[in-house]
Amino acid sequence: MYAVFESKIPNSGRGLVAVQTIPSRTFLGCYSGDILSGEEAVRHAALYDARRGTTYHYDVDATRLINADWHGSVLRFCNGTIGATGEQNIEAVVKYANATNRILFFASREIAQGEELLLDYGEFYFAFHQGSPAKS
């Protein structure tokens, strides 16, 4: 359905591209990784952002994030829309299941073969990366 490739977004590294047409509302998978909270989440995010200028974090809520740096699914390569020529085509839905929050990714519209998968990571992400290329 999709594959990892070198993104065409400047300085964004890898991304995901549709290898076939993906119908609207198709379930793409779960964003997964280690769940961090509180000071640990803040410290870890600052460390990785300072060292690499990129992060594979997704905020679950105001106090927790999913760190997909080492143990995440391939969906961690879904870039944000900053610097992209395309528009958002992925929607994230947070659902509570099995005593934890799950972040599910769906196609928000039909995605053409060869199109990069893009997600709006929200206001905090955009404020943090203001003027920076897309990073996920």
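Laid out as a table, the results:
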| item | result |
| --- | --- |
| R0 of 22 Å, Cβ-Cβ distance Arg109-Glu6: FRET efficiency to nearest 0.05 | 0.35 |
| Binned Cα-Cα distances of region 2-128, short to long, each 5 Å bin given as a whole percent | 2, 11, 20, 25, 20, 13, 6, 2, 0 |
| Cβ-defined net charge surrounding Phe27, 12 Å radius [Lys, Arg +1; Asp, Glu -1] | +2 |
| Simple label model, 7 Å out from Cα along Cβ direction - Thr85 to Ser24, nm | 2.5 |
| 12 Å beta-carbon shell around Ile103, net charge (K/R +1, D/E -1) | +1 |
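Since every read-out is calculated from the coordinates, none of them should be taken as a lab result. A quick note: this is a predicted structure, and the numbers were derived from the prediction, not measured. FYI the Cβ positions are ideal-geometry reconstructions off the backbone, even for glycines, and counts take in every protein chain you see.
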